[in-house]
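Worksheet: the structure to be examined is printed underneath.
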Amino acid sequence: MVAPVEPLPLPDYQALFEAAPGLYLVLDRQLVIVAVSNAYAQATKTRREDILGRGIFDVFPDNPDDPEAAGVRNLQASLQHVLHSAVPDAMPLQKYDIRKPDEEGGGFEARYWSPLNTPVIGADGQLAYIIHRVQDVTDFVRLKQQGVEENRLNESLRERAVGMEAELFARSRDVAEASAQLKTANEELARLYAKTREIDELKTRFFANVSHELRTPLTLILGPLGRLLESPGLDEGDRQALQLIRRNALLLHRQVDNLLDIAKLEAGKMLVHYAELNLADQLRLLCSHFDTVATDRNIRFTVDVPASLRIEADDEKLQRIVLNLLSNAFKFVPDGGCVALSLQTVDDQAVIRVRDNGPGVPDAMREAIFERFLQVNSGAARSHGGTGLGLAIVREFASLHRGSVRVVEAQGGGAEFVVSLPLQAPSGSAAAPAVGRKHQTIPAYADGEARPKLSSVPSLGQEYPLILVVEDNRDMHGFIASALATRYRVASAFNGQEGLEQAKAIRPDLILSDVMMPGMSGDQMVAAIRQDPFLDDTPIIMLTAKADDALRVRLLRHGVQDYIYKPFSVDELQARIAGLLSERTRVGSRVRHLEERFRATFEQAAVGIAHVAPDGRWLRVNRKLCDIVGYEHDELLATTFQDITYPPDLDADLTSLQQVLAGEIDSYQIEKRYVRKDGELIWINLSVSLVRDEGGLPDYFISVVEDIEQRKAAEEEVVRLNAGLEQRVHERTAELQAANRELDSFAYAVSHDLRAPLRAILGFSQALKEDCGDGLPEAARDSLHEITEGGRRMGELIDGILALSRSTRGGLQKRKVDLSAMATRILKEMSHLEPGRLVVWEVAPGLAAYGDPRMLDVVLHNLLGNAWKYTGHAQAPRIRFFAETIDGKARYCVADNGDGFDMQYADKLFQPFQRLHSQTRFPGIGIGLATAHRIISRHGGVIDATATAGSGACFRFTLPEGADYEDDTE
């Protein structure tokens, strides 16, 4: 009979790890060292007990004597990459010096390493640890260097080898730095991509909402307009005005439809409703809507389609494809050009071709033009308007039909768009049978209508101001000209170049111009106009429908007097024009008035003012300056500022003056002394700025001189008083620091001294209970229990006093702390200690702050322990740890639904030994919150609490940002 095999005992994994021959270090998520192999400690000349529980960069800093040290930066980038990606990261060769022990002389020793950082995933699927493994290659590098030194047989080879070795190390360092930057950039790109997707979804919803909201008022505009245009009683002027409104409302309707279609496409809600139709008849009907514009612009428009071609397609989307392509062709073809549409079948595909002899599409843009909102020329000088959605919708609708669209160069130049659509609907899609076609109104496209004629405007006499209107849209041009013709003479131009030529020829009193025009844009025209000395003061008003704040600011800074967004009120336009013209007529008198006011201000100012030549001569001085220096007006003009400046103060003044002349600074202010005419010294505050002539050369200085003799005397008295006050403050501070140290030492000593008798009490009580407990009377056992409980509470009180004392002593080791991980760990410990309590707790992820991990652990232990205790009587206890942002600053919160407290006693919460509940209901010593308050205060933060009796409490605390910290040197 074979004896059963006993299970092997589990090996001591810690002993195995520490004895492993490799160089290993284990870090937690806060990059704190939690395990180290013997080989690693020996290689880095450290002791395990000295480095466990400390941050890796605290133990292994950069060599301060090496200005090119990059070990910390490279290792930190690699570790952060592993934390965020949870994938191993191998680093190139690193030069990372280690600190030598004091017994070896201290300082740093150069070392070379080959590191590998590997993540360890916990049972919850989250990264728990990082294994930092290194290979010490210092001996190899040194042997290589030594071998090169000893090999002197070939000097040329030696130099090349050394150079290659140095270059290899330099390149490895560059690779490491580039790798760290690349990892950081990739993480930022991932974050930005997610944000972009979110913004894109918001944009799509916005377009859909706006489009839906605009369709209702457009319908209410177009409906009554149609009825008004059918009225026989309209005179010609009113009919033209209504037609103008209808044309532009239909254009707006088209743009709204485009936006709504794009929103539906992005949301995946655009469906294809197949129907049987005659594509040839459809194309002939659609092309007929462009006959008028072809005739008006002398464009040769040919249509080559067969007598009949049956196809299964979405009728409405097919119309949009063809109308967009024809509209695009008529938009870009010049007057007198050619547009052609043809239809044929190729391999079960209907192929529609639309070509024109316009400017064509550059090779690099033939794919990009089908992207949304993109146009070949989208600048202010673009030749044609539009939103850049027409061709994008063509491609999307063709794709919905399982077809395609492309653009090629047309024969003889220009662009040819080729649309291929399947003749049959896809398998499984039902096509509605062909029906008699209804005569529906095809949405009018502005580029597919005849160009409106300009209405004639009345001609006024020469005594009326002349306005030059520069606008490429004929409807808008005619509207503006008609609105202005009753008050002003109006001249017309239809692009920036025409406007510039007209302005130079007629010298108008005011120019009213659009910004976006073909050829020369409005802003380019303004720049050219301002170069003409006869037009440099002509008022200019810009009109635009594009909200471009940067362009508006630039134009207002460089020669434009006003800027109006379309749509605008005619009354407002008239008022602004009248205001600018009236202002221009008042400029002369205002300038003279200002000159008179300047002279009065200059002479009567309460401070000294002077104009000074670049060589220091007084050019103009006021009465106050003469009084300050004690000279008469003519006497002072006969001197220079150098003559009356106290010699020891002159060099500083001249140095600042030369900096202003050189353009290094615009102005300066200095306190110095003048020598009065009677020989006395007087302190003055001098402010100097330079005025340059039209050629940019120095013209004269403006000097403002303020008598500060009394202020200087007062400052000297303040300095004397402050010196005495600082000494008293220093003495008082020293006394307070000594008192605090004595109090801390007293608390620490008392707490320690109380432990010995307390241990004796508890020990003997426990022994008495174990040895004689069963034989003692019940009253004696109760007394023994009270002794034990009292000793335990006293022990807790001593521990609390020690914790309170420690919270105000010792330096803070500040670094980034994962508060979410810390809170989770603490709550798990509490749940483990009291498994019978069903407490629902929630910790918000990703909460981190800068501070001392040990101290912040005490804070969270006290706050979460407080919440755990005071939810003891709640029916469904719940504890939350989260953060809220107020005024841009994070506040970390611990909230519970326990007993809470009365807010009238809130000022006692953070005082030592203060309690708001009975000892029998909630035992405690009243130290925890006081300790938390002191720790948060030492970190430079604040802590407070809000509560409702019987409904829970919320404790909030803040911690400074990492950049706000100053080292605690206590």
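Readers should treat all values here as calculations from the given coordinates under stated rules, not as data from a laboratory. Because the structure is a prediction, the values reported are computed rather than measured. No Cβ is skipped: glycine too gets one built from the backbone with ideal geometry, and neighbour counts run over all protein chains shown.
Straightening the chain between Ala20 and Val34 buys 3.4 nm, computed as 0.36 nm per residue apart minus the Cα-Cα spacing.
Sorted ascending by nearby beta carbons within 10 Å, beginning with the fewest, Thr824, Thr538 become Thr824, Thr538.
All other residues whose Cβ lies under 12 angstrom from that of Val407 are scored, Lys and Arg at +1 and Asp and Glu at -1, for a net of 0. For the pair Tyr193 and Arg366, a Förster radius of 30 Å applied to the C-beta separation gives a FRET efficiency near 0.65, rounded to the nearest 0.05. Once the chain from Ala86 to Thr788 is taken as fully extended at 0.36 nm per residue, the excess over their C-alpha distance is 247.7 nm. Each Cα pair under 8 Å and six or more residues apart adds its sequence gap; the mean of these over the residue count of the stretch 275-317 is a relative contact order of 66 percent. Ordering 465-471, 338-344 by mean Cβ neighbour count within 10 Å, with the highest value first, yields 465-471, 338-344. 3J(HN,Hα) along the stretch 513-528: 9, 6, 8, 8, 9, x, x, 9, 6, x, 5, 5, 5, 4, 4, 5 Hz, from the Karplus curve 6.51 cos²θ - 1.76 cosθ + 1.60 with θ = phi - 60°, whole Hz, x for Gly and Pro.
Restriction of the trypsin sites (Lys or Arg not before Pro) in the stretch 641-687 to DSSP coil positions whose beta-carbon has at most 16 other beta-carbons within 10 angstrom yields Arg676, Lys677.
Between Ser569 and Tyr13, the simple label model (points 7 Å from Cα in the Cβ direction) yields a spacing of 7.8 nm. Ordered by the number of other Cβ atoms lying within 10 Å of each residue's own Cβ, fewest first, Lys317, Lys908 fall into the sequence Lys908, Lys317. Rounded to whole numbers, the Karplus 3J(HN,Hα) couplings from phi for the stretch 406-417 are 8, 10, 10, 7, 6, 4, x, x, x, 10, 10, 9 Hz, using 6.51 cos²θ - 1.76 cosθ + 1.60 with θ = phi - 60°, and x at Gly and Pro.
The ranking of Asp12, Asp523, Asp899 by Cβ neighbour count inside 10 Å, starting from the fewest, reads Asp12, Asp899, Asp523.
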